[in-house]
Amino acid sequence: MTDLAVSLGGHLLRSPLVAASGTVASVVDFAATASFAPYGAAVAKSVSVEPWPGRPPPRMAPAGQGMLNGIGIQNPGIDAWVDQFGAEIGSAGVEVWGSAVGHRAAEFAQVAGRLERAGVGAIEVNLSCPNLAGGMPFALDAGAAAAVVAAVRDQVSCPVGAKLSPDAADIVAIAAAVATAGADFVVLTNTVRGAGFDIERRTPLLAGVVGGYSGPPLKPVALRCVWEVHRGLPELPIVGCGGVRTGADVVEYLMAGASAVAIGTAHFASPRVGKRIRRQLLGWCRRHRVSRVAELTGATA
Ligand SMILES: Cc1cc2nc3c(=O)[nH]c(=O)nc-3n(C[C@H](O)[C@H](O)[C@H](O)COP(=O)(O)O)c2cc1C
């Protein structure tokens with residue numbers, strides 16, 4: 001059977017499949033619904049220092065072949081998070097990653113430190129929320145993104161991944177800045193900003209009007225980001241993310257330059273989708289005589 005193990009800059013994962021943040025709740029609670037056996041890691045919903053109430057409803061809406069969400073990173077705050085889930089991190093059946101979010105670099109660092117002490121295997125830095133200092137998302141500003149990653153790097157010794165936005169004007173410049181600041185890998189990408197309207201009611205689909213667009217239509221956009229960053233920074237490990245539904249999608253991300261591939265929105269249609277995707281990935285590798293999935297990274301003709 002094909003060896004599914006991959007490495008993110010020396011950090012080994014038993015499978016290239018990662019469950020994306022915000023789509024498997026705290027991981028610990030989702031584990032009661034679906035097994036995490038097909039995955040190499042699963043990322044908990046982003047958490048901040050203080051509780052964030054999130055945006056008012058409606059917060060999720062189908063839009064074309066994808067989905068809009070404007071949840072506003074609702075979360076209970078790091079104290080409640082650790083109280084509620086900390087003790088079970090070791091029994092989720094998968095390596096759990098934490099996801100830190102904040103409005104200032106120091107807040108990200110504080111959350112990251114607590115997540116690491118709670119036992120997560122790596123930390124994603126969710127750079128898609130606005131920087132209180134300028135109002136612009138950290139992920140669109142190389143200097144601000146790097147400052148956050150440097151603060152987190154200072155605080156923890158586990159691997160740190162910077163989750164970037166496809167809205168960035170120059171994704172390679174942002175990836176280079178966070179890598180220099182100490183990110184061990186980048187996650188490409190978070191949702192793309194989008195909006196939709198109900199023309200009968202003459203209302204926006206989301207209370208906040210603009211939200212994040214995810215699902216299959218995001219795939220070519222995220223693949224472009226993966227390809228550009230892999231070409232510009234070939235040593236920087238990448239977790240590809242956006243619109244993955246099948247094993248073929250995973251192969252496509254690996255060939256574009258990813259070392260691991262995250263599954264997000266597909267969990268809402270089918271919480272056990274990882275099992276099918278893993279089977280399809282193994283089938284593809286068998287048919288193409290690929291003995292190690294890691295050899296597919298960047299393997300285009
Ligand atoms: C409902 C929902 C909530 C999300 N919450 C988070 C979050 O808390 N932190 C984060 O980094 N990404 C979050 N994401 C983004 C996903 O992790 C993923 O990057 C994005 O949806 C693209 O992948 P997909 O097309 O497979 O869903 C969320 C996505 C959705 C759909």
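Where a number appears in this text, it was derived from the coordinates with a stated rule and is not lab data. Since the model is a prediction, treat every value here as computed from it, not as a measurement. Counting neighbours? That spans all protein chains shown, and the Cβs are built from the backbone with ideal geometry, glycine included.
Express the C-alpha Rg of segment 1-132 as a ratio against the empirical globular expectation 2.2 N^0.38 Å, rounded to two decimals.
1.09
Just report the Cα centroid separation between segment 225-301 and segment 105-168, whole Å.
24
Which values of log₁₀ I(q)/I(0), to two decimal places, follow from the Debye formula for segment 129-246 at q = 0.15, 0.21 Å⁻¹ with a uniform point scatterer at every Cα?
The computed values of log10 I(q)/I(0) come out as -0.69, -1.14.
Would you work out which of Cys241, Gly215, Val18 lies farthest towards the positive end of the dipole of the chain? Charges go on Cβ: Lys and Arg +1, Asp and Glu -1.
Gly215
What trypsin sites (Lys or Arg not before Pro) does segment 167-230 have in DSSP loop regions with at most 10 other beta carbons within 10 Å?
For trypsin sites (Lys or Arg not before Pro) across segment 167-230 that sit outside H, G, I, E and B with at most 10 neighbouring Cβ atoms in 10 Å, the list reads Arg201, Arg202.
DSSP beta bridges in segment 7-88, what fraction antiparallel, as a percent rounded to 5?
If we restrict to bridges inside segment 7-88, about 80 percent are antiparallel.
Pairs of Cα atoms under 8 Å, at least six residues apart: use those to get the relative contact order of segment 178-301, whole percent.
Worked out over segment 178-301, it gives 23 percent.
Spelling out what I want: for every residue of segment 126-143, take phi, set θ = phi - 60°, compute 6.51 cos²θ - 1.76 cosθ + 1.60 (Karplus), and round to whole Hz; glycine and proline get x.
Once rounded to whole Hz, the list reads 7, 8, 7, 8, x, 7, 4, 5, x, x, 8, x, 3, 5, 9, 10, 4, x.
Compute the Rg/Rh shape ratio of segment 105-165: radius of gyration over Kirkwood radius, all on alpha-carbon atoms.
In segment 105-165, Rg relative to Rh is 0.96.
Using amide H atoms built 1.01 Å from N in the peptide plane, name the residues 5+ places from Gly240, or on other chains, whose amide H lies under 5 Å from its own.
So Gly240 has HN proximity to Leu188, Ser259, Ala260, Val261, Ala262.
Rounded to the nearest 500 deg cm²/dmol, what is the calculated helix-only ellipticity per residue at 222 nm for the chain, with -39500 (n - 2.57) per DSSP H run of length n ≥ 4?
Estimated from H runs of four or more residues: -9000 deg cm²/dmol.
At a 10 angstrom cut-off on C-beta neighbours, averaged per residue, how do the peptides 63-73, 116-126 rank from highest to lowest?
Highest to lowest by the protection proxy: 116-126, 63-73.
Taking amide H positions as placed 1.01 Å from N in the peptide plane, with prolines and chain starts having none, which residues 5 or more places from Ala34, or on another chain, fall under 5 Å of its amide H?
Close amide H contacts, sequence-distant or interchain: none at all.
Please identify the GluC sites (Glu not before Pro) of segment 197-301 that satisfy two criteria: DSSP loop assignment and at most 10 other Cβ atoms within 10 Å. Which are they?
Glu200, Glu235
Can you pull a Stokes-Einstein diffusion coefficient for the chain at 20 °C (1.002 mPa s), Rh from Kirkwood over Cα pairs, as a whole number of µm²/s?
In µm²/s, the coefficient is 113.
Please give every one of the aspartates and glutamates within straight-line cross-link reach of Lys45, meaning a C-alpha to C-alpha distance under 19 Å, and leave out same-chain neighbours fewer than 8 residues apart.
Within the straight-line cut-off, Lys45 pairs with Asp29, Asp79, Asp83, Glu88, Glu95, Glu107, Glu116, Glu124.
So who's got an amide H within less than 5 Å of the one on Met60, skipping anything under 5 residues away but keeping other chains? H placed 1.01 Å off N, in plane.
Gly70
Please list 3J(HN,Hα) in residue order for segment 293-301, calculated via the Karplus relation 6.51 cos²θ - 1.76 cosθ + 1.60 where θ = phi - 60°; whole Hz, with x for glycine and proline.
4, 4, 6, 7, 4, x, 8, 9, 6
What is segment 178-301 by shape, rounded, prolate or oblate, if you read a ≥ b ≥ c off the alpha carbon gyration tensor as root eigenvalues and call it rounded for a/c under 1.5, prolate for a/b larger than b/c, and oblate otherwise?
oblate
Looking at segment 57-107, what % of the alpha carbon pairs are farther apart than 14 Å?
Result for the distance tail: 69 percent.
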